[in-house]
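Inspection log for the structure reproduced underneath, given as structure tokens.
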There are 2 protein chains.
Amino acid sequence: MSAPAVSLSQLTPLSFLERSATVHPTKPAVVHGDLTWTYSDLAQRVEQVARALHATGVQAGDRVAYLMPNVPDMLVAHFAVPLAGAVLVAINTRLAPEEVRYILDHSGSTVLVVDTELASTLAPVVDALETVRTVVVAADPTVASPAPAALPGAISFDELLDLADGTDPLTWRVDDENAPISINYTSGTTGRPKGVVYTHRGAYLNALGENVHSDHSVDSVYLWTLPMFHCNGWCTTWSLVAAGGTQVCLREVRGDQVWSLIDRHAVTHLNGAPTVVTTILNAPEAHLLDRPLVVTVAGAPPSPTTLAEAETMGFAIVHVYGLTETYGPYTVNERQPAWQSLPGDERAHLQSRQGVAMVQADPVRVVEPELVDGVLVDVPADGVTMGEIVMRGNTVMREYHRDGEATAKAFAGGWFHSGDLGVMHPDGYVELRDRAKDVIVSGGENISTVEVEHAIASHPGVLEVAVVGVPDERWGERPKAFVVARSGHDVGEVALLEHVRSRLARYKAPREIQVVGELPKTSTGKVQKFELREKEWSGEQSRIRG
Amino acid sequence: MSAPAVSLSQLTPLSFLERSATVHPTKPAVVHGDLTWTYSDLAQRVEQVARALHATGVQAGDRVAYLMPNVPDMLVAHFAVPLAGAVLVAINTRLAPEEVRYILDHSGSTVLVVDTELASTLAPVVDALETVRTVVVAADPTVASPAPAALPGAISFDELLDLADGTDPLTWRVDDENAPISINYTSGTTGRPKGVVYTHRGAYLNALGENVHSDHSVDSVYLWTLPMFHCNGWCTTWSLVAAGGTQVCLREVRGDQVWSLIDRHAVTHLNGAPTVVTTILNAPEAHLLDRPLVVTVAGAPPSPTTLAEAETMGFAIVHVYGLTETYGPYTVNERQPAWQSLPGDERAHLQSRQGVAMVQADPVRVVEPELVDGVLVDVPADGVTMGEIVMRGNTVMREYHRDGEATAKAFAGGWFHSGDLGVMHPDGYVELRDRAKDVIVSGGENISTVEVEHAIASHPGVLEVAVVGVPDERWGERPKAFVVARSGHDVGEVALLEHVRSRLARYKAPREIQVVGELPKTSTGKVQKFELREKEWSGEQSRIRG
């Protein structure tokens, strides 16, 4: 049964900026250093960039890539690219040039906007790009501008803006809420990152969900300690604009800068992985706050110590869990009043669980590994029986871009398979225990073990390699490599690390490379990673920290 | 472009109760007198009623009518009826028997649930009902039960519950978010009320919008001073369950009871027409509150005096505007920080404007009366030029039930025509000034002048009659009738009033009936109501108060 057009508006986060530019025209929308843009400024910039993208030839459905830290124009991109009818590909700024090239080619991006400081990342691969027609180098006025990297044919951001044709008509409405708004690349079990497709509808609903659970309002001042390239900043790019709050930009998460901005702008909200919270807590500038600061944490359960320290400091911790495939957070550890009267340890454990589905999400399930008659079967909600965490609904990705096979596999049985293993507690809260997929989560970012193995194996001295995630105090998890040397070769850890770093983002490099005589294998010759992991995780309560 | 089922969940407020029953099973969901239902209790009751409705023969798409004050089972109906796949028809409890009969027949309701105290309303018409197969009389344990009205064939609510088959499978998900969830009857320009069809999608989105603008949260305690039958309580029936808050029921808005409940349950939120706020403020029990009480007001702009008094008492007033056709509130007078420094009068005027579209709504427009090339044209945003207020999008009704002609007329040019005349201010805020449609809004409820005229004209002594809305201190507006007596008949005001009250709800009866020699008419003989209204409204700033 369809509704008449007058009763049906396609959901899109673009409507949030349309509204806030009307209702809060003079209110600060974005702050960066000494720069402040009101909502009116932001909307005008967004319109100008959208028109400029059209002028470069961008058409409906085209992909436009941004390689940028958390600066105002990165926020602008989250509205300008969809306003131009295109799809935003926000690329992880820590990737190696070859990784960036792969994403640009795989996404088929036609335009790439790159921050001056990151342009050098692109230099080695820019000539090889298959689909990019326009490269734009954006200077950040808050940093001493280095000489622009010599990118052949690149134009400056000002030159891009000059292309905008003021008569080019734009609309804040979309024809189809299920059309893509962005593609976010994430490493999975295979060697190459996969492009996770978000829709306008999913982004709209997840943004409203974030507002509910992290309590964003018109009075919110949000500090960008989470990368905007990570799940579009868990859709907070959009949710803060829906709320009419202020977003404070930040190129780099350093304790001193974070505290300086918290104090200067009376920050009320920030998001991040537990490592970010630890960095903030341990900064020499850390001090007691006289107002609540809502800190939404995901990527790993915050440790009881971190939770206690954060709360002493005046942080209100909101613990959420999700994946790139679920627009960032999908579950939230919603606090129960009864927990307050429990002993600290017990309370901390309850709060470290991944929790319940957010208000916009379908119920989360924990299911048995095998389908029964094509149907997923829940494990008992006993807090003991392990199963895989699965999700579905409006805030599950539409698909992996150009990878129908991986999409079909991820959606087996009609639910998205997280690859995370956990238990369902009798109170309906899920808790992560292990990972079914061979993925390491380090500081909130996925690392594919296969990807790291391939990089190591490409060294001539390596005969065999196996990479597993090991617990890491700071990053949750980090890769560790077990290497068997090729006969007659002497492979040193330092040389191998250097080799890997030339191919992969630095955060993906193993913390340790251990040369071994042989790898544990099954009778059929398959490496038993399980055995390697067990040794490394002995003494840990679960087999997952990332 | 469609999304796979795993990435697309149909929006429905049912999901809110599914979630809150999981996350807050032991938290109070509904309070009524000494009765408290937790979210677990509420969900169980909802399931039982849905199954019982099935047992009476209710099938997908059937209409189920409720004639009830604000009691827990009225809230249950907002979930149980859609959970049974049916459509809720919540009927205004102040209507006359003949009006209730019309709605039951027009909606084609097959089941009617009626409160014991209201059953007598039904007695005169119950035999004539065309489609109702099952009548259920519900006793309220908090009131001394009168002898149940003799309704032939009626069963008690307990007997209904007993019908529920525990094995009847239910799902909290729906197949189509654009399917109807409820039909709310409202008087328009024609003599008979029209059935406004709400969808699951619209109700879901409006509920989330209410949560944003009235700041509902898990800590909210909401008092039911707004009738649940009125636009499904502005969708607050659903929004509070989404938030996981507590709803406090109330059969009747009496100042003493309201204050007793505010104090007893530490109420944080209530909604109502300005008359409700006035009643609460003027109660002898009124006292200063030591916490903010959010009072969301619609139906008429609160007067500067009311605003000032309410704020002194600790009320945080949220002024909203909408119609039954827009799921209740569509715009909100979002406060601007800059207003705080203005003189009281100026600030009060700014706050009395109807405001800007809510976050889930499309932008509101003020348009010229005539379409240009089939397109609506905005009046200048000068705060002076009058036009009609029009709306569109997900929180505009799907249609008038069984009235394609009225629907087409209301949706002319692709927007819903409110029938309200107003101006657009340069800051994007709309302000009501007059009404294009011949409708009176009294205490938040629509009264059709035609309906009142028909009732008066049915008296044998009446030759001609014209009814207009006149300003009323308490109710905003009330009807006033001008009557020309039939020659040789002596029509007295008292006798005419009695005649009208036997046919219409009491609140629709004119405040005054003035017998005149003749009515002002055009050369073609059409009554010039405008002239009658002008006299009555002389001295008023606008021509609208309701």
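Some values worked out for this structure:
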read-out	value
Meets criteria (at pLDDT 85 or above and either surrounded by 13 or more Cβ atoms within 10 Å (Cβ to Cβ) or in contact with a Leu (Cβ under 7 Å, 6 or more places away or on another chain) (or both)) for A:Glu518	no
Residues (in contact with a Leu (Cβ under 8 Å, 6 or more places away or on another chain) and at the interface with chain A (Cβ under 8 Å from one of its Cβ atoms)) located in segment B:1-60	B:Ser2, B:Leu11
Verdict on B:Asn178 being over 24 Å from B:Thr93 (Cα atoms), within 11 Å of another protein chain (Cβ to nearest Cβ) and assigned to a loop (DSSP other than H, G, I, E, B)	yes
Qualifying residue in segment B:354-373 (condition: away from every other protein chain (no Cβ under 14 Å) and within 30 Å of A:Tyr204 (Cβ to Cβ))	no
Yes/no for B:Ala65 being outside any helix (DSSP H, G or I), among the aliphatic types (A, V, I, L, M) and in contact (Cβ under 8 Å) with a residue 60 or more places away in the chain	yes
Residue ID - nearest to the other protein chains (Cβ to nearest Cβ), chosen from residues in segment B:192-233 that are among the aromatic types (Phe, Trp, Tyr) and within 20 Å of B:Ser20 (Cα to Cα)	B:Tyr204
For B:Asn70: the one exception among (1) within 21 Å of B:Trp172 (Cβ to Cβ); (2) in contact with a Cys (Cβ under 6 Å, 6 or more places away or on another chain)	(1)
Listing of strands (runs of 3 or more DSSP E) fully contained in segment A:82-159 that carry 2 or more residues being polar (S, T, N, Q)	A:109-115
Any hit, segment A:419-426, residues being in the same structural domain as A:Ala361 (by TED's automatic domain parsing), touching a residue at least 40 places away in the same chain (Cβ under 8 Å) and within 29 Å of A:Arg101 (Cβ to Cβ)	yes
Selected residue (only one of A:Val30, A:Val113 is crowded, with 24+ Cβ neighbours inside 10 Å, over 30 Å from B:Tyr429 (Cβ atoms) and among the β-branched types (Val, Ile, Thr))	A:Val113
Filter result for B:Val396 (more than 22 Å from B:Asn232 (Cα to Cα) and either of a type in the set (Val, Ile, Thr) or in a loop (DSSP other than H, G, I, E, B) (or both))	no
Residue among B:Asp420, B:Asp427, B:Asp434 that is within 14 Å of chain A (Cβ to nearest Cβ) and acidic (Asp, Glu)	B:Asp427
Close pairs (9 angstrom Cβ cut-off, 6 or more residues apart or separate chains): within 14 Å of chain A (Cβ to nearest Cβ) in segment B:380-406, basic (Lys, Arg) and buried (at least 24 other Cβ atoms within 10 Å of the Cβ) anywhere	B:Asn394/B:Arg201; B:Tyr400/B:Lys194; B:His401/B:Arg63; B:His401/B:Lys194; B:Asp403/B:Lys194; B:Ala406/B:Lys194
Verdict on A:Val465 being buried (at least 22 other Cβ atoms within 10 Å of the Cβ), within 21 Å of A:Pro193 (Cβ to Cβ) and either at pLDDT below 85 or under 26 Å from the mean Cα position of the chain (by Cα) (or both)	no
Selection count where residues are β-branched (Val, Ile, Thr) and surrounded by 22 or more Cβ atoms within 10 Å (Cβ to Cβ), scope segment B:122-131	1
Selection within segment B:181-202 - modelled with pLDDT of 95 or more and either under 21 Å from A:Pro363 (Cβ atoms) or part of a loop (DSSP other than H, G, I, E, B) (or both)	B:Ile181, B:His200, B:Arg201
Residue in segment B:392-404 that is surrounded by the fewest Cβ atoms within 10 Å (Cβ to Cβ), counting only those that are more than 20 Å from A:Asp176 (Cα to Cα) and touching a strand residue (DSSP E or B) at 6+ places or on another chain (Cβ under 8 Å)	B:Arg402
Any hit, segment B:135-146, residues being among the charged types (D, E, K, R), surrounded by fewer than 18 Cβ atoms within 10 Å (Cβ to Cβ) and modelled with pLDDT under 95	no
Counted residues, segment B:323-354 - those being free of Cβ contacts under 8 Å to residues at least 60 places away in the same chain and touching a Gly at 6+ places or on another chain (Cβ under 8 Å)	0
Conditions (1) closer than 30 Å to A:Leu519 by Cα; (2) polar (S, T, N, Q); (3) within 14 Å of another protein chain (Cβ to nearest Cβ): number failed by A:Ser442	(3)
Options A:Val276, A:Val258, A:Val253: the member that is crowded, with 17+ Cβ neighbours inside 10 Å and either modelled with pLDDT of 95 or more or not assigned by TED's automatic domain parsing to the domain that holds A:Arg201 (or both)	A:Val258
Index of the failed condition, B:His454 passing every other in (1) out of contact with any helix residue (DSSP H, G or I) (no Cβ under 7 Å at 6 or more places or on another chain); (2) within 24 Å of B:Pro227 (Cα to Cα); (3) part of a helix (DSSP H, G or I)	(2)
Close pairs from segment A:453-476: first closer than 20 Å to A:Glu534 by Cβ, partner part of a loop (DSSP other than H, G, I, E, B) and modelled with pLDDT under 85, Cβ under 6 Å, at least 6 apart	A:Pro471/A:Glu540; A:Pro471/A:Arg545; A:Gly476/A:Ala300; A:Gly476/A:Arg545; A:Gly476/A:Gly546
Matching residues in segment A:317-343 - criterion: being of a type outside the set (Lys, Arg) and within 12 Å of chain B (Cβ to nearest Cβ)	A:Glu325, A:Thr326, A:Tyr327, A:Thr331, A:Val332, A:Asn333, A:Glu334, A:Gln336, A:Pro337, A:Ala338
All positions within segment B:56-96 that are farther than 21 Å from B:Val143 by Cβ and at pLDDT below 95	B:Ala96
Enumeration of residues in segment A:468-507 that are among the charged types (D, E, K, R) and either at pLDDT 90 or above or surrounded by fewer than 18 Cβ atoms within 10 Å (Cβ to Cβ) (or both)	A:Glu473, A:Arg474, A:Arg478, A:Lys480, A:Arg486, A:Asp490, A:Glu493, A:Glu498, A:Arg501, A:Arg506
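This table checks each residue for (1) over 30 Å from A:Leu432 (Cβ atoms); (2) in a strand (DSSP E or B).
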| position | (1), (2) |
| --- | --- |
| A:Leu463 | yes, yes |
| A:Arg474 | no, no |
| A:Ala481 | no, yes |
| A:Val491 | yes, no |
| A:Glu498 | yes, no |
| A:Pro510 | no, no |
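The values are calculated or read from the model by the stated rules, or taken from the named source; none is laboratory data. Keep in mind it's a predicted model, so treat the numbers as computed, not measured. Note that each Cβ is placed from the backbone with ideal geometry, even for glycine, and that neighbours are counted across all protein chains shown.
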